[in-house]
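A quick write-up on the structure given underneath.
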Amino acid sequence: MTHDHDLVLRPTPAQTEAALDPPPGRNGGDLVVETLAGLGATTVFGLPGQHALGMFDALRRSDLRYVGLRVENNAGFAADAYGRITGEAAPLLLSTGPGALTSLAALQEAAAASAPVLAISSQVPTAGLGGGRHGYLHELPDQAASFRGVVKSVHTARTQSQIPSAIEAAWTSALSAPHGPVWVEIPQDVLLAETAIPVVTGGDAFPEELPPRPELTAVAADLLSKAARPAIIAGGGVVRADASKKLRQLAETLQAPVVTTPGGKGAFPWTHPLSLQSWIEDRHTTDFLEDADVLLVVGSGLGELSSNYHTFKPRGRVVQIEADLGKLESNHPALGIHADARLALQALLETVSEREDPTAPERVRALLAKVAERIAAQELTLEQGVLASVRKALPADSPSFWDMTILAYWAWSAFDAKGPNHMHSAQGAGGLGYAFPAALGAAVADPTRPVLAVSGDGGALYSIAELATARQYGLNVTWLIVDDGGYGILREYMTDTFGEATATELTRPDYVALAESFGVPGVRTTPENLEQDLAKHLASPGPSVVLLPAVLRMFAATHLD
């Protein structure tokens, strides 16, 4: 009698022959690229370095597409965006020491946003491992220690036979909810040595599902069904789980108004009668959410931005669905449900009772009117006009990537993403330089749609070198740079706090001439011509730069009142 656990996969005759007589000239790097291809990877990002040359040499013997950027941190941002767009774990190939460490800020952003990135780095030769000081180039006492507090998991392959298993384990970790970046490191000598290990012909890495506990969803469904004023906060977890349709079904069944966080942009239709849009940094919205007798929080940890800088104090019962255990009930007591948003929303749909509430759309309209009135009183027509021009110029199905800049802060609240997984920003970790390299990664993932990147001049200088990457690969990215001569938001913060700003002013290069020196067309525009110029460049294949000299202001914060 044969049981399921007795079954094994038998190799085909061709696989057996290939295993017994592997082709010559392969090294440890071949095991890396063969494993990646076997797992389904098609594209890798990175930057070569001396210790990692075994991996890069193996690329020419593989069918993997290599996209090389000019700075490791930017390669990490590109891999992050590729993972967000495709849902795959984007491989990021790096070298030891400085190369590896330069990627840390990008990996922090990927961790904060739960973006799957599979970082694979070389290490010093095996003899140099263990913490002693051997004097190898790029040597660190414990390179992996620099990444443990940033990435989801760390994996080390000390021998060639460990490479396929280490990469498969990392791949599974990156794609299991919550998604995130993972780290694999392999010593230089292991990558360079010739190998007799058979060609890696397949992968067996299946991300683990994270279903909700049924007794918890039963309680949540009962609370929501009986609520008098239910409301929903939808975060980035809804987008990552591809659960937007289920969210809409649930909101309509419960007649529950929905607000999306900056990370959850597009998770709920902007003009839906139950849509509170994304004005989560507004006291009127905060009051509305505090008044809910049952508040369903899906895919959000209710962090600083999503709680209006921790001024949000719910008075009703909170139900929180979150795949990241570290975020569950970390800011507010709740009925915590540790689960993937899609699976949890499906469980609720199967158990909630339909509610009738004709007042809900009316209450939503009243709130949005209050928000509009507050903004209108601040004489911010320039800012609103610029954002409206960007929205009109950008095709509805095109993704956009936003740096930490004033126009992006406006977009978190006021920009209609037109759909889930369309708008991405660096609001997770909050570092500069994200937008343009991330947009390049998105253009690699889907070359059929133009991609928009939005930066201030400060953030643009972090990633200006990637104009060479955009030109080299002919990537379909239009880069809007809003140039105000400095770090605009820091200038505003310092002036408000100290009466004057220090260390915020920047020498301005000619960004149009700079772009053209890379062979990238550029144009200097005005607020009046922005829509036309942006639309023209978005419609033209290949990279381009649109420069808007303008000093924009933020709308007044309400968390300080």
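Here are the numbers:
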{"quantity": "For the range 365-412, size of Cβ-based charge dipole, Lys and Arg +1, Asp and Glu -1, in debye", "calculated": "220 debye"}
{"quantity": "The range 326-426: GluC sites (Glu not before Pro) in DSSP loop, at most 10 other beta carbons within 10 Å", "calculated": "Glu350, Glu354, Glu356, Glu379"}
{"quantity": "Whole-percent carbon and sulfur share, accessible surface of the range 187-260, 1.4 Å", "calculated": "52 percent"}
{"quantity": "Cα lying deepest toward the dipole's positive end in the chain, options Ala535, Ser300, Ala417, charges on Cβ", "calculated": "Ala535"}
{"quantity": "Spatial separation of Cα centroids for the range 195-228 and the range 317-333, in angstrom", "calculated": "17 Å"}
{"quantity": "Heavy atoms of His338: accessible area, 1.4 Å probe, square angstrom to 10", "calculated": "70 Å²"}
{"quantity": "Cα centroid separation, the range 442-518 to the range 340-409 (Å)", "calculated": "25 Å"}
{"quantity": "Nitroxide proxy distance, nm - points 7 Å out along Cα→Cβ at Met494 and Thr201", "calculated": "6.3 nm"}
{"quantity": "Packing-based order for 87-95, 514-522, using average beta carbon neighbours within 10 Å, highest first", "calculated": "87-95, 514-522"}
{"quantity": "Total charge dipole magnitude, the chain, about the Cα centre, Cβ charges on Lys, Arg, Asp, Glu only, Debye to nearest 20", "calculated": "380 debye"}
{"quantity": "Helix axis angle, 435-445 relative to the chain longest principal axis, alpha carbon, degrees", "calculated": "60 degrees"}
{"quantity": "10 Å Cβ shell holding at most 14 others, DSSP loop, trypsin sites (Lys or Arg not before Pro): longest site-free stretch of the chain", "calculated": "316-561"}
{"quantity": "Heavy-atom surface of the range 248-395, accessible at 1.4 Å and reported per residue (Å²)", "calculated": "40 Å²"}
{"quantity": "Under 27 Å from Lys370, Cα to Cα: lysines that are on another chain or at least 8 residues apart", "calculated": "Lys265, Lys313, Lys392, Lys418"}
{"quantity": "Nearest-ten-degree value, helix 72-86 long axis tilted from longest Cα axis of the chain", "calculated": "70 degrees"}
{"quantity": "Accessible solvent surface per residue of the range 62-193, calculated while the other protein chains remain in place, 1.4 angstrom probe, Å²", "calculated": "32 Å²"}
{"quantity": "Estimated dipole of the range 118-208 in Debye, rounded to 20 [Cβ of Lys and Arg +1, of Asp and Glu -1, Cα centre]", "calculated": "220 debye"}
{"quantity": "From the coordinates shown, Rg/Rh (Cα atoms, Kirkwood Rh) corresponds to which of (1) 1.06; (2) 1.00; (3) 0.95", "calculated": "(2)"}
{"quantity": "Qualifying aspartates and glutamates (Cα of each under 13 Å from Cα of Lys152; at least 8 residues distant if same chain)", "calculated": "Glu109, Asp324"}
{"quantity": "Share of carbon and sulfur in the accessible heavy-atom surface of the range 373-522 [1.4 Å probe, %]", "calculated": "53 percent"}
{"quantity": "Heavy-atom accessible area per residue - the range 398-500, 1.4 Å, Å²", "calculated": "28 Å²"}
{"quantity": "Set of aspartates and glutamates with alpha-carbon distance to Lys246 below 13 Å, sequence-local pairs under 8 removed", "calculated": "Asp340, Glu350"}
{"quantity": "Stretchable slack from His310 to Thr156, in nm (0.36 nm times residue separation minus alpha-carbon distance)", "calculated": "51.5 nm"}
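The values are calculated or read from the model by the stated rules, or taken from the named source; none is laboratory data. Just so it is clear, the model here is predicted, and its values are computed rather than measured. All Cβ positions, even for glycine, are placed from backbone atoms using ideal geometry, and neighbour counts span all protein chains on display. Please note that ligands, DNA and RNA were not included when accessible areas were found on the heavy atoms of the full protein model with its side chains. Shrake-Rupley method; radii C 1.70, N 1.55, O 1.52, S 1.80 Å.
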